[in-house]
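Asker: Before I ask anything, here is the structure I am working with.
The values are calculated or read from the model by the stated rules, or taken from the named source; none is laboratory data. Nothing here was measured: the structure is a model prediction, and the numbers come from that model. Ideal geometry is used to build each Cβ from the backbone, glycine not excepted, and the neighbour counts take in all protein chains shown. Areas reflect the complete protein model, heavy atoms only, side chains present, ligands, DNA and RNA absent. Shrake-Rupley method; radii C 1.70, N 1.55, O 1.52, S 1.80 Å.
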Amino acid sequence: MPAVVLIGAQWGDEGKGKITDFLAEKSQVVVRYQGGSNAGHTIVLGPEVYKLHLVPSGIFYPEKLCLIAGGVVLDPAVLLAELASLRLRGVSAANLRVSTNAHVIMPYHRLLDELEENARGAARIGTTGRGIGPAYRDKINRSGIRVQDLLEPDLLSAKLDENLAEKNALLTKIYGHDPLPAEAIRREYLEYGARLAPSVTDTALLVNERLARGERVLFEGAQGIMLDLDHGTYPFVTSSNPVAGGACTGAGVGPLCIDSVVGVLKAYTTRVGSGPFPTELAGEKGDLLRQRGGEYGTTTGRARRCGWLDAVVARYAVRISGLSHLALMKLDVLTGFGPLKICTGYRLPDGTILTEFPQSARVLSQITPVYEELAGWDEDVSGIRDFDRLPATARAYVRRVEELAGAPVTLLAVGPEREQTIARGHVFAPEPGGQ
Ligand code: GDP
């Protein structure tokens, strides 16, 4: 059962879109299994730049099956708009299927997301305001509305009335907002249901059938391990599980079907929103990384915080998700940067050095990063396709990342285009006759 899980190994925005696209080419099925339209993958295909929020990156290959699995929270308006814009550019979505079980983001989720975030004031989490957190909260609360409910007018009415009774009380009494109208929402969402109906199915059954046939399945993660609800820098996290295990719960597959787990790691670090970021560079170097790396959010346009590569985080990612491979991204951005630093440990105020990521938020707030300096390179690496042709200092940087993280860098990206990728081995087991 050749299945690969691809996840972010930092705080998201590592460049997963590009690697998903690269691996989608070698897969028959591509599955999105957690998160919502707060994810944003950028895929560059020649002169065309596509920004995907919900649709799996395999959509560009008409013969591949693309699934939005039950672990995703789905904003139907965002999905339909994304499909329409793809269609306008000649990309058909006939190969997309949506899970009956995916939870639906409702207008009150978006509104509450925004109102709650504003009410947090200085303690803002930095949510994208897309209703993701409130939708997951309703799912856990067992009051959520699922895609299957959009296909049943009576059921939708009942669930909507039940939800609006609570949400409108919250909106009016706590936030002083106008109540939301049940009938208009009901009509709007029934219409979404009707439009999505041909694609709605049991995606867990589909993916297991395909796995049983020996087809190659790529599970495409969103966000990154450090934003995981259980294993990330809580409470500055997302509301789902971007760790590798999230693929099993979100898509409905057993852990034994997964052959390898690829962690996507940027050659430096970025983070959007609030929360701990030990290697953050506040000054000129940070600005330079942002500028050279184009570090602005795909979904929100927000400037990303930038800093040196943190090997403590990389090692944590390898441990928490059992990463069997790393994809090291944006090596080209470090060209001409002068000496480079990698964080190898965290120093506590008493001088103790931690080499494993601490669980305590208090400890994390007290540490200072310990750096190792490595020589940089000035040569343009963006045209190089062979690892051995990289400057010796770039090769040394990659090898040091492997040593510190404890996993091999199997894929290396030297530019945004699909072919600007150096493969040093196989992620999927090679098929007879080559990969
Ligand atoms: P994702 O959410 O993890 O897919 O990350 P984003 O799409 O938000 O950010 C990745 C950005 O970096 C996109 O604009 C990509 O086109 C770009 N990108 C990906 N890999 C590379 C690379 O190796 N070099 C450069 N210069 N850009 C890259």
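Asker: Just to check your reading of the model, which residue among ALA282, ALA251, ALA267, ALA311 is closer than 18 Å to TYR33 by Cβ and either of a type in the set (A, V, I, L, M) or at pLDDT 95 or above (or both)?
Answerer: ALA251 is the lone residue from the list that is closer than 18 Å to TYR33 by Cβ and either of a type in the set (A, V, I, L, M) or at pLDDT 95 or above (or both).
Asker: While we're on this one: Would you check if there is a residue in the range 249-265 being open to solvent by 10 Å² or more (accessible area, probe 1.4 Å), more than 20 Å from LYS18 (Cα to Cα), within 16 Å of the ligand (Cβ to nearest atom) and touching a helix residue (DSSP H, G or I) at 6+ places or on another chain (Cβ under 6 Å)?
Answerer: no
Asker: Tell me, which strands (runs of 3 or more DSSP E) lie completely within the range 1-86 with 1 or more residues that are within 14 Å of the ligand (Cβ to nearest atom)?
Answerer: Hits in the range 1-86: 3-8, 29-32, 41-45, 48-52.
Asker: On to the next question. Which condition number in (1) within 16 Å of the ligand (Cβ to nearest atom); (2) out of contact with any Phe, Trp or Tyr (no Cβ under 9 Å at 6 or more places or on another chain); (3) farther than 30 Å from LEU164 by Cβ is the one that SER92 fails?
Answerer: Among (1) within 16 Å of the ligand (Cβ to nearest atom); (2) out of contact with any Phe, Trp or Tyr (no Cβ under 9 Å at 6 or more places or on another chain); (3) farther than 30 Å from LEU164 by Cβ, the lone unmet condition for SER92 is (1).
Asker: Here's another thing I want to ask about it. Test of understanding: among ALA429, ALA392, ALA396, ALA375, which residue is more than 13 Å from the ligand (Cβ to nearest atom) and over 25 Å from ARG292 (Cα atoms)?
Answerer: ALA429
Asker: Looking only at the range 210-225, filter to residues that are within 16 Å of the ligand (Cβ to nearest atom) and open to solvent by less than 10 Å² (accessible area, probe 1.4 Å); which one of those is farthest from the chain's Cα centre (by Cα)?
Answerer: LEU218
Asker: In the set THR128, THR172, which member is β-branched (Val, Ile, Thr) and within 26 Å of the chain's Cα centre (by Cα)?
Answerer: THR128 is the lone residue from the list that is β-branched (Val, Ile, Thr) and within 26 Å of the chain's Cα centre (by Cα).
Asker: Go through the range 24-78 and count every residue that is open to solvent by 10 Å² or more (accessible area, probe 1.4 Å), within 19 Å of THR203 (Cα to Cα) and of a type in the set (Lys, Arg).
Answerer: Total satisfying the criteria: 1.
Asker: Consider LEU229 against the criteria (1) among the aliphatic types (A, V, I, L, M); (2) without any contact (Cβ under 8 Å) to a residue 40 or more places away in the chain; (3) open to solvent by less than 10 Å² (accessible area, probe 1.4 Å): it satisfies all of them except one. Which criterion is unmet?
Answerer: (3)
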